[in-house]
Amino acid sequence: MGLTRGERKVLWCFALIVAGYMPPVLNLANRVSPVIFGVPFILFWSGLMVPITTCLMTYAYIVRAKEDGEDR
């Protein structure tokens, strides 16, 4: 396929983000019994995926910027 190492890292980040929001993973998290900080686990998982997505997208941006030779 001819992808560079940085492009593969970016695709892995994207795959992890998409997998975190897909129904098979959400169905595993869709439980009421483990209550974390007073909220059901599905709500905790959804709230946790927001900072995880931010961190992974920031990492992907840095990898691509470094690969393209930008100084950021």
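Across region 36-50, the qualifying residues are those that are under 11 Å from G20 (Cα atoms) and hydrophobic (A, V, I, L, M, F, W, C), and the one among them that is modelled with the lowest pLDDT is W45. Look at R31 and say whether it is of a type outside the set (D, E), out of contact with any Ser or Thr (no Cβ under 8 Å at 6 or more places or on another chain) and not in a helix (DSSP H, G or I). It is true that R31 is of a type outside the set (D, E), out of contact with any Ser or Thr (no Cβ under 8 Å at 6 or more places or on another chain) and not in a helix (DSSP H, G or I). Show the residue pairs meeting these rules: Cβ distance below 8 Å; 6+ apart or different chains; first residue within region 11-31 and exposed (fewer than 11 other Cβ atoms within 10 Å of the Cβ); second residue of a type outside the set (D, E). Taking only residues 6 or more apart or on different chains, the pairs are A19/V25. Being closer than 30 Å to L3 by Cα, among the β-branched types (V, I, T), at pLDDT below 85 and part of a helix (DSSP H, G or I) is a description that applies to V25.
Could we say that V35 is of a type in the set (V, I, T) and surrounded by fewer than 13 Cβ atoms within 10 Å (Cβ to Cβ) here?
yes
M57 fails exactly one of the following numbered conditions: (1) out of contact with any Cys (no Cβ under 8 Å at 6 or more places or on another chain); (2) not in a loop (DSSP other than H, G, I, E, B). What is the number of that condition? Going through the list (1) out of contact with any Cys (no Cβ under 8 Å at 6 or more places or on another chain); (2) not in a loop (DSSP other than H, G, I, E, B), M57 breaks only (1).
The values are calculated or read from the model by the stated rules, or taken from the named source; none is laboratory data. Computed from a predicted model, the values in this text were never measured in an experiment. So basically every Cβ, Gly included, is an ideal-geometry build from the backbone, and we count neighbours across all protein chains shown.
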